[in-house]
1. Could you please tell me which pairs satisfy a Cβ distance under 7 Å, a separation of 6+ or placement on different chains, a first residue in the stretch B:142-165 that is acidic (Asp, Glu), and a second residue that is part of a loop (DSSP other than H, G, I, E, B)?
2. Anything in the stretch A:104-115 that is of a type in the set (A, V, I, L, M, F, W, C) and modelled with pLDDT under 95? List them, or say none.
3. Give the residues of the stretch A:42-92 that are more than 16 Å from ligand 1 (Cβ to nearest atom) and of a type in the set (Ser, Thr, Tyr), sorted by residue number.
4. Which ones in the stretch A:100-137 are surrounded by 15 or more Cβ atoms within 10 Å (Cβ to Cβ) and within 12 Å of another protein chain (Cβ to nearest Cβ)?
5. With the structure loaded, tell me whether residue B:228 is closer than 24 Å to residue B:118 by Cα, outside any strand (DSSP E or B), facing chain A (nearest Cβ under 7 Å) and among the aliphatic types (A, V, I, L, M) or whether it fails that test.
6. Could you please find all residues in the stretch A:140-164 being closer than 16 Å to residue A:184 by Cα and more than 11 Å from chain B (Cβ to nearest Cβ)?
7. Regarding the stretch B:29-40, can at least one residue be identified that is more than 16 Å from the chain's Cα centre (by Cα), under 27 Å from residue B:260 (Cβ atoms) and of a type outside the set (Asp, Glu)?
8. Does residue A:59 qualify as being touching a residue at least 12 places away in the same chain (Cβ under 8 Å), more than 16 Å from ligand 2 (Cβ to nearest atom), of a type in the set (S, T, N, Q) and more than 14 Å from chain B (Cβ to nearest Cβ)?
Amino acid sequence: MGTLDIRNLYVEIEGREILKGIDLTIKDKEIHALMGPNGNGKSTLLAAIMGHPKYVVTNGTITFDGQDVLSMSVDERSKAGLFLAMQYPAEITGVTNSDFLRACLNARSEEPIPLFQFIKEMESNIKKLNMKKDLAHRFLNEGFSGGERKRNEILQMRMLKPSIAMLDEIDSGLDVDAIKVVSAGLDEMVKESNMGLLVVSHYKRFYQLIKPTHAHVIVDGKIVAQGDYELVNKIDGEGYDWLYKELKIKPKTETRPIVYSLGSCAVNKGVK
Amino acid sequence: MEETLVLKPGFNTYTIDTKEDLKLSIVGHAMDSSLYVLIKSAKKINLHTLFSDGNYHILYWNDCDFNVVINEANELKENSVVKVAFGQLSMGNVIYDSKSVLECPNSTLHLKTATLNNNDKSYRIECINSNVNTHVEMENHCINTEKGVFALEAIGNIIKGSKGATNFQTSRCLTFGDIKKANISPLLLIDENDLQASHAASVGQIDENQMYYLQSRGLTYKEATNLITIGYLTPIVDFIDDEQLKELLKTKIEDKVNALCLI
Ligand SMILES: Nc1ncnc2c1ncn2[C@@H]1O[C@H](COP(=O)(O)OP(=O)(O)OP(=O)(O)O)[C@@H](O)[C@H]1O
Ligand SMILES: [Mg+2]
């Protein structure tokens, strides 16, 4: 069993209120689609669930199987079975993908995983995801193409076997074949290990493959519509205008430039 | 004490274990050769290297916790491709003054340092392109702990007439204490038009997004910090082509980082 329960969640970033009372429940085996126009709080919701330090919860609760998620550190949330495939995964020089994965697996078990078993498992997943073999020995996400990064997020998910996985635009940057491979893999994990999913995507192509059981639309930090796959279909065909009209609401439009990494002359800032 | 080491093709090792001042000359001509110099104990070392016609990799590893002064002079003659790395996790104060001159046409130098500093370290590293088609790449990585004081002067110097020269340098320091205790001064002196050169330097604390990313995979704050720190230092071991030695040095780095309690 794994039930993620979000009640009346309010989240601020740098003093700006982004989420304004979100209610959402995800049970195992359920596949939830989260849609909404750019900059309206989808990634914010996932980051708040995972515990990104910049995203401050000012009100509401998040529980996972009855445990208080908000009182857990980020790593505790991961160990409890939550996983977030990020929209913009970080690069870490000097740490190879395989050393990283092994450290993550060892961090969640009493006994370190035997090297042989680890390699076998990693290689079989790499093969399943049609990833280049050398990606295991490259530095974590460094110089990875957009699609390689996304596959690498899925590789981590497969190795860590979460109870609830949140995928933030995992399909953007993936080629047609990769989208199929990734969705087939998700389907397998939902069926075999009862994983629950919270998926953010803008595209029907992906939703068609993973067949969401629930759909939600976030506009300006609130869930304004809920339904099933039909809702995904409607948004894909008609966009969001009908919703704005029906509910007399306006989306948030300001967007923020995405900073991938610091320039090489970034003195006194973060160092890569 | 004065010694001369004439390199042989293949893998060479040399250990410095002395309480006296040491003058060590290293010579390589017409071969592919790699050398691992382990500094077990020393006070003052004067290194002088001379390379020509070949590929040379040298890794100096300062394994002693005494205060040491190291002066290094590298001379690159024609058609030499040289990689020099200097690594240390030393608990002593170290002064490292390194000067490399690419005197003849067609030579390449890749110089790299990796430092875990818990004391006082002061480096001055200068690479001089003094002929046509000479190429320099310099990379410095330092982890400065709360107690450490680190100063680095990284200088690229392109002499007039060195057409087609390149001189690139990056220096990065990750600090765990007061950021002001780490100081990097990059400098490019250029007296030629036909060249490419760049420098980049950064001093800063560990990146919040990197930490979040690792923690979101189940690593604790300390485990994530240590992994990033280890990753910062270990690429230096790739300067030597000996798997056993690589593993040994990697383990040394991991053990030291884990023992230090950076946070
Ligand atoms: N780290 C941050 N710092 C400052 N502002 C942020 C940060 N993250 C998000 N925001 C702001 O919060 C709002 C919601 O952003 P969010 O990333 O949740 O949108 P989204 O719905 O995921 O959009 P998209 O579809 O473009 O990915 C935006 O106005 C954005 O600029
Ligand atoms: Mg987003």
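1. Qualifying pairs under 7 Å: B:146/B:176; B:146/B:177.
2. If the condition is that a residue be of a type in the set (A, V, I, L, M, F, W, C) and modelled with pLDDT under 95, then A:107, A:113, A:115 are the ones that fit.
3. Once the filter is applied, which keeps residues that are more than 16 Å from ligand 1 (Cβ to nearest atom) and of a type in the set (Ser, Thr, Tyr), the stretch A:42-92 yields A:61, A:63, A:71, A:73, A:78.
4. A:100, A:101, A:102, A:103, A:104, A:105, A:106, A:107, A:108
5. yes
6. Of everything in the stretch A:140-164, those that are closer than 16 Å to residue A:184 by Cα and more than 11 Å from chain B (Cβ to nearest Cβ) turn out to be A:150, A:151, A:152, A:154, A:155, A:158, A:161.
7. yes
8. Criteria met by residue A:59.
The values are calculated or read from the model by the stated rules, or taken from the named source; none is laboratory data. If you're wondering where the values come from, they're calculated on a predicted model, not measured in any experiment. Glycine also receives a Cβ, built like all others from the backbone with ideal geometry; neighbour counts cover every protein chain displayed.
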